[in-house]
Amino acid sequence: MARIELRGVAHAYVPSPASDKDWALRPLELVWQDGGAYALLGPSGCGKTTLLNIISGLLRPTRGQVLINGVDVTAAPPQARNIAQVFQFPVIYDTMTVAENLAFPLRNRGVSRAETQARVEEVASLLELTGDLKLRASGLSADMRQRISLGRGLVRKDVAAILLDEPLTVIDPHVKWLLRRKLKQVHESLKVTLVYVTHDQVEALTLADQVVVMNLGRVVQAGTPQELFERPADTFVGYFIGSPGMNLLPCMVEEGAAVVEGQKIALPPEVCASAKKGGGELRLGIRPEFLRRVAEGTPSAVRVEVSQVEDLGRYRIATARLGQQVVKVRLPEEERVVAGESCWLEFPAQRTTLYVDGRAVT
Amino acid sequence: MDKPTNNRAWLLVVPVLLVVAFSAVIPLMTVVNYSVQDILGPEQHVFVGTEWFRKMLRDPELHGALRRQLGYSLAVLVIEIPLGIGLALMLPMRGRAASLSLVVLALPLLIPWNVVGTIWQIFARGDIGLLGVAVNKLGLDYNYTADALDAWLTVLVMDVWHWTPLVALLCYAGLRAIPEPFYQAARIDGASAWATFRYIQLPRLRGVLTIAVLLRFMDSFMIYTEPFVLTGGGPGNATTFLSQYLTRLAVGQFDLGPAAAFSLVYFLVVLLFSYIFYTAMTQAGRSEAR
């Protein structure tokens, strides 16, 4: 079991990084507790895989230290760390049987035959591979191959953490949820630290206790799914998480209110004051789920013109114009709204966030 | 759903059939025709049935050539395939060094075959050749024009020099096609260099190796130019391989009937061995897991 600590870890693929652009991963500090389930979420090229490879030892970071259970392993090769990694494209050894595949990591480490056999059977039953142990590993379906590569990670008794690098990308949608559930079950029964890299927010939010959102080589926010949803610390988190993402409207601040396209939206005065002090580019953020439609003429409401309505079954997404800005609103099924009409929206103050240069003002 | 059947579709195959007929079938049939007749002159030939075949199959000279040929081709495969794999594994995979070593490696392949023979003919000479002189200086008695074993070894070494790069290039291409995660997974699984080779690289080279083995077998089995230039088949018959014997029969002695029978046997032998190699290598892929 393992507690993973990253101290000032940074990585550049070019030999002598000079500008900011050269860094694939900017210096970061992270602590992952033993037995936790973590997700690394971010768009392609944001440094998630780089970070994962640094933890497993496939990459040596340009700067910083990696500590596993308090021991500095920065210089240790992957073989010397008790870490398993599952890749986006399932890696299996074609010429071996399923059982031999599962036994491979143990065989390489000189584990006795009897113990290997016992471990293989244990892992096979956990991953529902028992009936297929004698099959040749080539020509199996993608989800089976991925289960085998996961099994190769789990088979080692000393394994402290499992790193998964977008493991469900090549899996058919109808077995994806099965595998996801399997993964959650494995995590719960083995209490092993799980780090899951993905660009799919649903995967991240359902699997992990804590989600680390990354962008452009930086950790933008780390928190529980609820925190990320309700209190995005960064505009990137706001629009990357949620479907559709957060509304982000350029605004100005006055005493106790933000002004969007000439319309006032009331906010706590201390937030407005500190936003004003920041002096950068200001934006008002609110999730489509938190906007409330209110009756015409409600004092604090803002008038918008509805331009499009998408019916998504249990709810509707209305796209509306607020002056020059576009606002998306999620409305319950029973709310009747038609494109072309006006409606009044209320911005609940506790759900509305002000961002200065992309960072939330508190 | 029923597929419509239409015999006019055969018309689409006709062009290919015509090309194949003129390029392969008709010439081959001419040889078959010769092989069962005694050709006495342009207008005089007699049907002799299987006489030429029986004669050829009993010919001790042909047996000798076939034995030498098989030994030679097997030696070529046993040396060139592992050596080619080894070379490919040692080549750098990226950067300028990679391009440079590929060019250097490919050089022998760009040299015309008879020039290769000439180069080695001079290179291995005991009086002026770099190799010949060097070997003799080492205290070994080496003379490829007089000693049968020396001649045979010289032809073999020449072939290794000439064709190992082809095997290496094929393997190199095969190795380049292995995705990085395979190596990463092997490192995580704690695989040794040998295990990585045995379970990742070698299985993934099977396709290119099948091609390499077939090409090297067929080419070496039909080798003609280089030994012809280097040793002329001598000393004695030490380096007389099948092609050379056939040429002597057909062009030198103008025994068209026996030569035709011989050609057919030769062709069938090449076909048979290629089939065996191909089947063995594809089967090995299927039945490797016990």
**Request:** Note down the relative contact order for chain A as a percent, whole number, built from C-alpha pairs under 8 angstrom at least six residues apart.
**Result:** 16
**Request:** Might you report the magnitude of the Cβ-based charge dipole of chain B about its Cα centre, with Lys and Arg at +1 and Asp and Glu at -1, to the nearest 20 debye?
**Result:** 1040
**Fill in**
Helix-only [θ] at 222 nm, the protein assembly as shown, -39500 (n - 2.57) per DSSP H run of 4+, per residue, nearest 500, equals -13500 deg cm²/dmol
**Prompt:** What range in chain A is the longest one free of trypsin sites (Lys or Arg not before Pro) that are in a loop by DSSP and have at most 10 other Cβ atoms within 10 angstrom?
**Reply:** A:1-313
**Complete:** Counting only DSSP beta bridges with both partners in region A:4-239, the antiparallel fraction in percent, to the nearest 5, comes to 50
**In region A:200-301, the GluC sites (Glu not before Pro) that fall in loop regions by DSSP, at most 12 other Cβ within 10 Å** = A:GLU255, A:GLU281, A:GLU296
**Request:** Quick one: what are the phi-derived ³J(HN,Hα) couplings along region A:62-77, Karplus 6.51/-1.76/1.60 with θ = phi - 60°, whole Hz, x for glycine and proline?
**Result:** 5, 9, x, 10, 10, 10, 10, 6, x, 9, 6, 10, 3, 8, 7, x
**Request:** Measure out, as a whole number of angstrom, how far apart the alpha-carbon centroids of region A:114-132 and region A:175-207 sit.
**Result:** 21
**Asked** P(r) of the protein assembly as shown in 20 Å steps, Cα pairs, percent per bin?
**Response** 14, 30, 27, 19, 9, 2
**Asked** region B:1-118: percent of C-alpha pairs farther apart than 18 Å?
**Response** 79
**Asked** Which listed residue (B:GLY252, A:GLY340, A:GLN226) has the Cα farthest towards the positive end of the charge dipole for the protein assembly as shown, taking +1 on Lys and Arg C-beta and -1 on Asp and Glu C-beta about the Cα centre?
**Response** A:GLN226
**Request:** Please turn the phi angles of region A:184-195 into ³J(HN,Hα) values with the Karplus equation 6.51 cos²θ - 1.76 cosθ + 1.60 (θ = phi - 60°), one per residue in order, whole Hz, x for glycine and proline.
**Result:** 5, 5, 4, 5, 5, 7, 9, 6, 9, 5, 10, 10
**With eigenvalues of the C-alpha gyration tensor scaled by 5 and rooted, region B:51-285, Å** = 36, 25, 14
**Request:** Would you mind checking which residues have amide H under 5 Å from A:VAL253's amide H? H placed 1.01 Å from N; only 5 or more apart, or other chain.
**Result:** A:VAL259
**Fill in**
Residues meeting the amide H criterion for A:TRP32 (H placed from the backbone, H to H distance under 5 Å, 5 or more places apart or on another chain) are A:ILE4, A:GLU5, A:LEU6
**Prompt:** Comparing A:GLN324, A:GLN85, A:GLN33, which has the greatest mean-square fluctuation in the GNM of chain A with Cα pairs linked when under 10 Å apart?
**Reply:** A:GLN324
**Message:** If you take every residue apart from A:ALA301 with its C-beta less than 10 Å away from the C-beta of A:ALA301, what net charge results, scoring Lys and Arg +1 and Asp and Glu -1?
**Reply:** +1
**Message:** Past 30 Å, Cα to Cα: identify those pairs from A:LYS48/A:LYS277; A:LYS134/A:LYS157; A:LYS134/A:LYS176; A:LYS134/A:LYS184; A:LYS276/A:LYS328, in the order given.
**Reply:** A:LYS48/A:LYS277
**Asked** Straight-line reach from B:LYS137: which aspartates and glutamates have Cα under 14 Å away, leaving out those fewer than 8 places along the same chain?
**Response** B:ASP127
**Message:** Quick check on the protein assembly as shown: of the DSSP beta bridges with both residues there, what percent are antiparallel, nearest 5%?
**Reply:** 80
**Request:** Identify, among A:ALA39, A:THR116, A:VAL197, the residue whose Cα sits farthest towards the positive end of the charge dipole of chain A, taking +1 on the Cβ of Lys and Arg and -1 on the Cβ of Asp and Glu, with the dipole about the Cα centre.
**Result:** A:THR116
**Item:** Most fluctuating residue given options B:VAL46, B:VAL13, B:VAL208, as computed from a GNM of chain B linking Cα atoms under 10 Å
**Value:** B:VAL13
**Request:** Starting from the Cα gyration tensor of chain A, multiply each eigenvalue by 5, take the square root, and state the resulting semi-axes largest first in whole Å.
**Result:** 46, 25, 15
**Request:** Note down the relative contact order for region A:198-249 as a percent, whole number, built from C-alpha pairs under 8 angstrom at least six residues apart.
**Result:** 24
**Message:** If I require 27 Å or longer along the helix axis, counting alpha carbons, and a Kyte-Doolittle average no lower than 0.5, what helices from chain B are left? Use full DSSP H segments.
**Reply:** B:60-90, B:148-176, B:256-287
**Prompt:** What Rg and what Dmax come out for region A:1-160 when only alpha-carbon atoms are used, in angstroms?
**Reply:** 17.7, 55
**Item:** Candidates A:PRO167, A:PRO250, A:PRO17, ranked by Gaussian network fluctuation over chain A, Cα under 10 Å, top entry
**Value:** A:PRO17
**Request:** May I ask you to sort A:VAL195, A:VAL260, A:VAL294 by Cβ crowding, counting other Cβ atoms within 10 Å and putting the fewest first?
**Result:** A:VAL294, A:VAL260, A:VAL195
**region B:148-245: trypsin sites (Lys or Arg not before Pro) in DSSP loop, at most 13 other beta carbons within 10 Å** = none
**Request:** Would you mind getting the Kirkwood hydrodynamic radius of region B:127-201 from its Cα pairs, rounded to one decimal in Å?
**Result:** 16.0
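Where a number appears in this text, it was derived from the coordinates with a stated rule and is not lab data. Remember, it's a predicted structure, so these values are computed and weren't measured experimentally. Counting neighbours? That spans all protein chains shown, and the Cβs are built from the backbone with ideal geometry, glycine included.
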